[in-house]
Amino acid sequence: MRDDQRRASDEERQGATADADRLFGAGRRGRGGRGKHYIHGGGWDTLFSRTFPFVHATLGVAIRLRVPWSETGRPATFTLDVLDADGHTILPDPPGTIHGTLDVGRPSHLFEGDDQVIPLALSINNLRFTGPGLYVVICHLDGEAMARAPFRVMQAQGTPPSQPQD
């Protein structure tokens, strides 16, 4: 593929901002080299429990941020939160909402105009669910919601075949 076919034209990318093009829950996850995620048990959308409230020991979250060429070379802030159906955070406090700063550079192998891809792998420990319902993991970049991963928590009637219960 020619370089001019591989990336968007300057007109198409004018005013483009960073976004998250992947966000999902994972049983086990890690960040590898060269922009890769290593995922085991990823993409689920339901957790089961026999009793409520219950504490989910570790919730893995994999996010892939895509930063346009024009946005590299400056710091960007990200936040990650888990909200209930009423929009309230359920993250343990402390530490509360997960946040950080990224400073995305321009490596020498990057072609001018190419996006920079940043994989993030995060763990949320001791997440307490008070009852069944709809929840969402949400990622913000520079204060703007970039990606959402909704999931359900359900009362288990029996043992689901592929998921241990808490």
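The values are calculated or read from the model by the stated rules, or taken from the named source; none is laboratory data. No experiment lies behind these values; they were computed from the predicted model shown. Positions of Cβ are backbone-derived with ideal geometry, glycine not excepted, and every protein chain shown enters the neighbour counts.
Miscellaneous remarks
- With respect to the conditions (1) more than 25 Å from Met154 (Cβ to Cβ); (2) modelled with pLDDT of 90 or more; (3) assigned to a loop (DSSP other than H, G, I, E, B), Asp86 lacks only one, and its number is (1).
- Some residue of the stretch 75-84 being more than 20 Å from Glu144 (Cα to Cα), surrounded by fewer than 16 Cβ atoms within 10 Å (Cβ to Cβ), of a type outside the set (Lys, Arg) and out of contact with any His (no Cβ under 9 Å at 6 or more places or on another chain): no
Listed here are the residues, each with its yes/no results for (1) within 20 Å of the chain's Cα centre (by Cα); (2) at pLDDT 85 or above.
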{"site": "Leu91", "(1), (2)": "yes, yes"}
{"site": "Thr101", "(1), (2)": "yes, yes"}
{"site": "His109", "(1), (2)": "no, no"}
{"site": "Val136", "(1), (2)": "yes, yes"}
{"site": "Ala156", "(1), (2)": "no, yes"}
{"site": "Thr159", "(1), (2)": "no, no"}
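- Scanning the stretch 123-146 for residues that are touching a Ser or Thr at 6+ places or on another chain (Cβ under 7 Å), outside any strand (DSSP E or B) and either in contact (Cβ under 8 Å) with a residue 60 or more places away in the chain or surrounded by fewer than 18 Cβ atoms within 10 Å (Cβ to Cβ) (or both) turns up at least one hit.
- Selection of the stretch 91-116 for residues being part of a loop (DSSP other than H, G, I, E, B) and either touching a Ser or Thr at 6+ places or on another chain (Cβ under 7 Å) or buried (at least 16 other Cβ atoms within 10 Å of the Cβ) (or both) yields Leu91, Thr97, Val104, Gly105, Arg106, Gly113, Asp114, Asp115.
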